[in-house]
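Below is one structure, written out as structure tokens; the observations come after it.
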Amino acid sequence: MNTVAFACTDADTLGGVQRVSHTLAQGLARRGYEVHLIALHRSDDPVTYIDEPAYGQHEINPGRRWRPGATRRARALLDGIAPGLLVMTSPGVVTRLSGLLGGHRGIGQYHGSFAHARGTWHFGSVKAHYGSLDQAVFLSEDDAWRFSEEALLPNAWHIPNPLAGWPNRVSPLSEKRVLGIGRLTGVKRFDRLISAFARADRPDWELHIIGDGPDADRLQFHAVTEGVAHQVRFRGRVPAWEMPAEYRAASLVALSSDHEGLPLVLGEAAAFGLPSVACDVSGGVRAIVDDGRTGVLVPPADVPALATALGDLMDDAPRRAALGEAARDHAASFRLEPILDQWEQLFAHLSR
């Protein structure tokens, strides 16, 4: 099977699913595959992930609604692609396209965690639709096992998300700066991170939050009420090519989300030799942060524990260095080439 297509709800919004899909598409295309990236809908705020894509890009529906004729256009598009593998990157995409596979083998990918899916419609959709596909792919061994047991999936597999690049220079861990990265929306719970940073009470440290989103004003006000507005820097959206400098200018990265699949920010930080303090919300988080070896895990939503972990590492430069070195060694397994190898192993498995 030399043809692979990835299908996303939309392909060019700023987000982890989109970034991973472009990264995998480019990597497989460079290995000689015919690769296509399909968007069900047009992005409202498109960004560029790959400057010179070696894969085809397609858009089925110009608007956000699945309008009459979209199913017909989707069928015609898939029929026009040489038979191969169709990777559907979310339950919504599986619902739209799994009945249109024709000569393609279907792979249902899920970028969230089992813990999050269990409390939403995602779990029911995965249980109803993924088991009949050729393969169901999850981000961690723990998530794959839990879906196989509780959603009764006979076809669960796990492949982590890849890092888009690998830095040659790491952070010296000399700046007194904690880094938080993500869209400023409720699920990321930057309010908890700001509160924990305030409780840590290290006046010579700063918290830099990179990202934009609808909660920006609320979070800035929260920093004021917590008394740390002069220490919290809201940096907005930073272009991808400037992010290496941001990682090298930090000494810690923190993640306080309600839920995550396999957060790329933790892997990217680890590649730069940064230790992480993260809420233990998924198997994907645990796959990157080995508690006490590459970073520190705290219970979900536990602001006092997050504050203690941040404060301890702020005060202990030798421990930060040891954790950061181990984090970079561990992150090597998430480099693009080893992850592409795992996808090719899955392709070989399906071709038997």
It is to be established whether one or more residues within segment 161-177 are assigned to a helix (DSSP H, G or I), buried (at least 19 other Cβ atoms within 10 Å of the Cβ) and modelled with pLDDT of 95 or more.
no
What are the residues in segment 85-118 that are at pLDDT below 95 and among the aromatic types (F, W, Y), if any?
F114
Restricting to segment 270-316, and then to whatever is under 20 Å from the mean Cα position of the chain (by Cα) and assigned to a helix (DSSP H, G or I), can you tell me which residue is surrounded by the fewest Cβ atoms within 10 Å (Cβ to Cβ)?
R286
Looking at the structure I just gave you, is G69 free of Cβ contacts under 8 Å to residues at least 40 places away in the same chain, assigned by TED's automatic domain parsing to the domain that holds A11, within 27 Å of the chain's Cα centre (by Cα) and over 16 Å from T9 (Cα atoms)?
no
Does D291 count as over 30 Å from I107 (Cα atoms), free of Cβ contacts under 8 Å to residues at least 24 places away in the same chain and in the same structural domain as E226 (by TED's automatic domain parsing)?
yes
Complete set of residues in segment 180-195 that are buried (at least 21 other Cβ atoms within 10 Å of the Cβ) and either among the small types (G, A, S) or in the same structural domain as L14 (by TED's automatic domain parsing) (or both)
G180, G182, S195
Counted residues, segment 116-160 - those being surrounded by fewer than 21 Cβ atoms within 10 Å (Cβ to Cβ) and in a helix (DSSP H, G or I):
19
Of all residues in segment 199-218 being without any contact (Cβ under 8 Å) to a residue 60 or more places away in the chain and under 20 Å from P304 (Cβ atoms), the one that is surrounded by the most Cβ atoms within 10 Å (Cβ to Cβ)
L207
Answer with yes or no whether R96 is surrounded by 15 or more Cβ atoms within 10 Å (Cβ to Cβ) and within 27 Å of E242 (Cβ to Cβ).
no
Could you list, in sequence order, all residues of segment 104-127 that are of a type outside the set (S, T, Y) and out of contact with any Ser or Thr (no Cβ under 9 Å at 6 or more places or on another chain)?
I107, R118, G119, W121, F123, G124, V126, K127
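So that you can scan it fast, the table gives a plain yes or no per residue for (1) over 22 Å from I194 (Cβ atoms); (2) among the small types (G, A, S); (3) at pLDDT 95 or above; (4) not assigned by TED's automatic domain parsing to the domain that holds V137:
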{"residue": "G211", "(1), (2), (3), (4)": "no, yes, no, yes"}
{"residue": "V224", "(1), (2), (3), (4)": "no, no, yes, yes"}
{"residue": "W241", "(1), (2), (3), (4)": "yes, no, no, yes"}
{"residue": "Y247", "(1), (2), (3), (4)": "no, no, yes, yes"}
{"residue": "S256", "(1), (2), (3), (4)": "no, yes, yes, yes"}
{"residue": "A269", "(1), (2), (3), (4)": "no, yes, yes, yes"}
{"residue": "G283", "(1), (2), (3), (4)": "yes, yes, no, yes"}
{"residue": "R286", "(1), (2), (3), (4)": "yes, no, no, yes"}
Which numbered condition in (1) part of a loop (DSSP other than H, G, I, E, B); (2) closer than 27 Å to R319 by Cβ; (3) of a type in the set (A, V, I, L, M) is the only one that I210 fails?
(1)
Considering residues that are without any contact (Cβ under 8 Å) to a residue 60 or more places away in the chain and either part of a strand (DSSP E or B) or out of contact with any strand residue (DSSP E or B) (no Cβ under 6 Å at 6 or more places or on another chain) (or both), the number found within segment 19-41 is 12
Can you name the residue in segment 238-269 that is in a helix (DSSP H, G or I) and within 14 Å of the chain's Cα centre (by Cα) and is also surrounded by the most Cβ atoms within 10 Å (Cβ to Cβ) among such residues?
A269
May I ask you to verify whether G106 is more than 25 Å from F334 (Cα to Cα), without any contact (Cβ under 8 Å) to a residue 60 or more places away in the chain and of a type outside the set (A, V, I, L, M, F, W, C)?
no
Picked from segment 219-232 (must be small (G, A, S) and in contact (Cβ under 8 Å) with a residue 12 or more places away in the chain), the residue surrounded by the fewest Cβ atoms within 10 Å (Cβ to Cβ) is G227
If you go through S140, S125, S98, S113, the only one that is closer than 18 Å to V4 by Cα, polar (S, T, N, Q) and assigned by TED's automatic domain parsing to the domain that holds L340 is S98
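The values are calculated or read from the model by the stated rules, or taken from the named source; none is laboratory data. What you see is a predicted model, and the numbers here were worked out from it, not measured in a lab. Ideal geometry is used to build each Cβ from the backbone, glycine not excepted, and the neighbour counts take in all protein chains shown.
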